[in-house]
Amino acid sequence: MSVYTPVDRAQLETFLRDYDIGDYVAHRGISEGISNTNYFLTTTRTEVVLTLFELIGFEDVPYYLDLMAWLAARGVPGANPVADRQGHYMKPLAGKPAALVHKLAGGGLHGTPSLAQCREIGRALAQLHLAGEGFPQRRDNDRGPRWCQSAAERVLPLLDRVEAHLLNDELAALTEHPRSRLPQGTIHADLFRDNALFDGDRLCGLIDFYYACTDALAFDVAVTVNDWCTQPDGTLDRERAAALYDAYAALRPFSEAERAEWPRVLRAAALRFWLSRLVDKLFPTPGELTFIKDPDAFKHILVAHRGAPWRLAD
């Protein structure tokens, strides 16, 4: 249950006075999500999602909310924050930074995405990248190559010989082929299936922008492909992958450099999540709001990309 900070009716009634969305009616916790407290909040005029940020500080939250509002204003289907009467998206609640977001229709995906859903997500990701071109703020990727190097130093002593060789080889590839040379922009950085809401094959919106940052645009596509288009053994489903990539490229074609580096970018995206899951598993922090997922899922994806690289045709 992702309700770590309880709030009561009196607190919410006071909180809502600064907004022009009606009076408090009811609220209930949302079980989905891992690191934030989330509620559905019903007022006399609408229903919104209330998020209390448990791990992101007051100084960092505005970037994400400003980005979400920027993208929504430019037609990208996604979570759109609600401004208070002074035009602010973030307010303190129960000692935490908090925000209201318009509730989206649809629900999360369960099981294997359809080809139509892969096309929808590829198209939406291209829309996000194009709309983000004018976004005036920049944020380094907290889980970028530098983080990968430091995380690897922590986990390497605890890996077996085969895993250690794999990790060292991929770290060398990150250094030898820096993705900073590829086209950069604002990326979602965590567009997994549970961060998109669908009604059948129709995409209702993208959510959870709280890893968004400035990085290689192709890296964002690779993160998405690795979750949406792989099979249980880690190998790529080329039909789903082609559907996603083609829909993306129809709006924003890859550059020559992106096409050439694509097999290594897919590996870098798999490495990032293999490492983050290894850190969570090997160094769990008491009280940290992290659901530990199996690192081997992304190790298998990484190994599969090494064994059968997906090279884009000219």
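The values are calculated or read from the model by the stated rules, or taken from the named source; none is laboratory data. Because the structure is a prediction, the values reported are computed rather than measured. Cβ atoms come from the backbone with ideal geometry, glycine included; neighbour counts cover every protein chain shown. To get the accessible areas, we keep the full protein, side chains included, count just its heavy atoms, and leave off ligands, DNA and RNA. Shrake-Rupley method; radii C 1.70, N 1.55, O 1.52, S 1.80 Å.
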I'd like to know if region 267-276 contains one or more residues that are closer than 24 Å to Y4 by Cβ, assigned to a helix (DSSP H, G or I) and under 15 Å from the mean Cα position of the chain (by Cα). yes
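From the set of residues in region 111-128 that are charged (D, E, K, R) and surrounded by 21 or more Cβ atoms within 10 Å (Cβ to Cβ), which is nearest to G205 (Cα to Cα)? Working first, answer last.
Here is the first cut: in region 111-128, the ones charged (D, E, K, R) are 119-120, 123.
Those still in the list that are surrounded by 21 or more Cβ atoms within 10 Å (Cβ to Cβ) too: 119-120.
Details: R119: 14, E120: 10 Å.
Taking the candidates together, the pick is E120.
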Does region 124-177 hold any residues that are touching a strand residue (DSSP E or B) at 6+ places or on another chain (Cβ under 9 Å) and either at pLDDT below 95 or more than 14 Å from L71 (Cα to Cα) (or both), and which are they? R138, R139, D140, N141, D142, R143, G144, R146
Would you call Y89 in a loop (DSSP other than H, G, I, E, B), more than 30 Å from A247 (Cβ to Cβ) and in contact (Cβ under 8 Å) with a residue 12 or more places away in the chain? yes
Within region 253-267, of all residues that are touching a His at 6+ places or on another chain (Cβ under 6 Å) and under 17 Å from D190 (Cα atoms), the one most open to solvent (accessible area, probe 1.4 Å) is R267
For region 170-182, give me the residue count where each residue is surrounded by fewer than 13 Cβ atoms within 10 Å (Cβ to Cβ) and either over 25 Å from the mean Cα position of the chain (by Cα) or among the acidic types (D, E) (or both). 2
All positions within region 56-92 that are of a type outside the set (A, V, I, L, M, F, W, C), surrounded by fewer than 16 Cβ atoms within 10 Å (Cβ to Cβ) and under 30 Å from R202 (Cβ atoms): R74, G75
Looking at A83, A98, can you tell me which residue is within 20 Å of the chain's Cα centre (by Cα) and not β-branched (V, I, T)? A98
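Conditions tested, residue by residue: (1) free of Cβ contacts under 8 Å to residues at least 40 places away in the same chain; (2) surrounded by fewer than 16 Cβ atoms within 10 Å (Cβ to Cβ).
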| position | (1), (2) |
| --- | --- |
| V3 | yes, no |
| V7 | no, no |
| A10 | yes, yes |
| D20 | no, yes |
| V25 | yes, yes |
| E32 | no, yes |
| F40 | no, yes |
| T44 | yes, yes |
Of all residues in region 93-110 being in contact with a helix residue (DSSP H, G or I) (Cβ under 9 Å, 6 or more places away or on another chain) and surrounded by fewer than 18 Cβ atoms within 10 Å (Cβ to Cβ), which is farthest from T43 (Cα to Cα)? H110
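Which residue out of A250, A270 is small (G, A, S), open to solvent by 20 Å² or more (accessible area, probe 1.4 Å) and touching a helix residue (DSSP H, G or I) at 6+ places or on another chain (Cβ under 8 Å)?
Testing whether each residue is small (G, A, S), open to solvent by 20 Å² or more (accessible area, probe 1.4 Å) and touching a helix residue (DSSP H, G or I) at 6+ places or on another chain (Cβ under 8 Å) leaves just A250.
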Quick one: would you say T285 is over 21 Å from the mean Cα position of the chain (by Cα) and modelled with pLDDT of 95 or more? no
